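The values are calculated or read from the model by the stated rules, or taken from the named source; none is laboratory data. Everything quoted here is computed from the prediction, not taken from an experiment. Cβ placement follows ideal geometry from the backbone for every residue including glycine, while neighbour counts extend to all protein chains displayed.
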Amino acid sequence: MNQQPNLFDAASLKLNLKRPLAFFDIESTGVDFVKDRVVEISILRANVDGTTTLLTHRINPTIPIPVEASLVHGIYDEDIALAPTFAQLAQEIFDFLNPCDLAGFNSNRFDVPMLLEEFIRVGLSFSIENRALVDVHRIYTHFEKRTLEAAYQFYCDKTLVNAHSAEADTLATYEVLLAQIRKYDELSNDVDQLHQLSNDEIFIDSGRRFMYVNGKATFNFGKHKGRRVDDVLKTDQGYYRWMMEGDFAQHTKQKLKEIKESLK
């Protein structure tokens, strides 16, 4: 763990932090967060006092890394053969992220769901319901619609070295967000506003199978798309069993179970 006071002039920018904001990036065996596993995680925690703390781990995924994935992030099976597993690091990562809001680049679609799946597998209950989720990619594409490398060049006037290394991507994402706040007058330094802009669609689960419509949990896929979840569970109990036994994200199943239990 590396304490880095005032990294990238965070204190002078005066982000409006009600609690620490954890920027993080995950490299993995693939992009299917139901089946794939984390091979590297880096977390840069921006603390309320203006200091930052960096935590980076390579992780043995306990499954082979496909060569296609290794060609992207440069991590091969032999590189992590002696590394700890996620189960061995889970409590340290869990504690480091509490009580943080979360930030990343395309994190709402990939890094957050992947992290949730890993925590669920080891029996740790990591809730995102009361955390701000700041997705720098969503903010970026709202204004510019480009990649992280292009964002780094555009906002910071720098070339991103070691792209797709978890630590390089995490640090670049942090710098890009600070530059975005400087650039756009309508963009506040308040994390709650950044959360709202990052989450213009209100999904309930990491797999995006359910979303809130008029405040009600609603199916976002399949034959029941657009119907309220509680109505379907009352009339089609087989659909609940099919989902619980199917190849859905653990977080999706967890939320479906919570909705069903709330009907009792």
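This table checks each residue for (1) touching a residue at least 60 places away in the same chain (Cβ under 8 Å); (2) under 30 Å from Ala151 (Cβ atoms); (3) of a type in the set (Phe, Trp, Tyr).
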| position | (1), (2), (3) |
| --- | --- |
| Leu187 | no, yes, no |
| Ser198 | yes, yes, no |
| Ile202 | no, yes, no |
| Ala217 | no, no, no |
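From the list Asp190, Asp230, which one is more than 30 Å from Gly74 (Cβ to Cβ) and not assigned by TED's automatic domain parsing to the domain that holds Val38?
Residue meeting the stated conditions: Asp230.
So, of the residues in segment 249-264 that are without any contact (Cβ under 8 Å) to a residue 40 or more places away in the chain and charged (D, E, K, R), which turns out to be surrounded by the fewest Cβ atoms within 10 Å (Cβ to Cβ)?
Lys264
So is Phe33 at pLDDT below 90, touching a Leu at 6+ places or on another chain (Cβ under 7 Å), assigned by TED's automatic domain parsing to the domain that holds Gly123 and surrounded by 18 or more Cβ atoms within 10 Å (Cβ to Cβ) or not?
In short, no.
Is it true that Phe24 is part of a loop (DSSP other than H, G, I, E, B), buried (at least 20 other Cβ atoms within 10 Å of the Cβ) and in contact (Cβ under 8 Å) with a residue 12 or more places away in the chain?
Against the criterion (part of a loop (DSSP other than H, G, I, E, B), buried (at least 20 other Cβ atoms within 10 Å of the Cβ) and in contact (Cβ under 8 Å) with a residue 12 or more places away in the chain), Phe24 does not qualify.
Go through segment 215-248 and count every residue that is assigned to a loop (DSSP other than H, G, I, E, B) and either over 28 Å from the mean Cα position of the chain (by Cα) or over 22 Å from Glu117 (Cβ atoms) (or both).
The total comes to 7.
For (1) of a type in the set (Val, Ile, Thr); (2) modelled with pLDDT of 95 or more; (3) more than 19 Å from Ile43 (Cα to Cα), each residue gets a yes or a no:
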residue	(1), (2), (3)
Asp79	no, yes, yes
Ile128	yes, no, no
Phe143	no, no, yes
Asn162	no, no, no
Tyr174	no, yes, no
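Name the pairs: first residue in segment 71-83 and within 8 Å of Asn60 (Cβ to Cβ), second residue surrounded by 10 or more Cβ atoms within 10 Å (Cβ to Cβ) and not polar (S, T, N, Q), Cβ to Cβ under 6 Å, at least 6 apart or on different chains?
Close Cβ pairs (under 6 Å, with a partner that is surrounded by 10 or more Cβ atoms within 10 Å (Cβ to Cβ) and not polar (S, T, N, Q)) amount to Ile80/Val39; Ile80/Arg58; Ala83/Arg58; Ala83/Ile59.
Under the condition of being part of a loop (DSSP other than H, G, I, E, B) and under 15 Å from Thr141 (Cβ atoms), which residue from segment 155-191 is nearest to the chain's Cα centre (by Cα)?
Leu187
Let's see how each residue does on (1) modelled with pLDDT under 95; (2) not small (Gly, Ala, Ser):
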| residue | (1), (2) |
| --- | --- |
| Leu44 | no, yes |
| Asp49 | yes, yes |
| His57 | no, yes |
| Pro61 | no, yes |
| Glu68 | yes, yes |
| Leu97 | no, yes |
| Gly104 | no, no |
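On the given criteria, is Tyr152 crowded, with 16+ Cβ neighbours inside 10 Å, assigned to a helix (DSSP H, G or I), out of contact with any Phe, Trp or Tyr (no Cβ under 9 Å at 6 or more places or on another chain) and of a type outside the set (Val, Ile, Thr)?
yes
Picking from Glu92, Glu129, which residue would you name as being part of a helix (DSSP H, G or I) and assigned by TED's automatic domain parsing to the domain that holds Ala46?
Of the residues listed, the single one that is part of a helix (DSSP H, G or I) and assigned by TED's automatic domain parsing to the domain that holds Ala46 is Glu92.
Tell me yes or no: at least one residue of segment 105-114 is assigned by TED's automatic domain parsing to the domain that holds Val38, more than 12 Å from the chain's Cα centre (by Cα) and of a type in the set (Asp, Glu).
No, there is no match, as no residue in segment 105-114 is assigned by TED's automatic domain parsing to the domain that holds Val38, more than 12 Å from the chain's Cα centre (by Cα) and of a type in the set (Asp, Glu).
Among the residues of segment 132-149, what is the count of those that are part of a loop (DSSP other than H, G, I, E, B) and in contact with a Ser or Thr (Cβ under 8 Å, 6 or more places away or on another chain)?
Counting residues in segment 132-149 that are part of a loop (DSSP other than H, G, I, E, B) and in contact with a Ser or Thr (Cβ under 8 Å, 6 or more places away or on another chain) gives 0.
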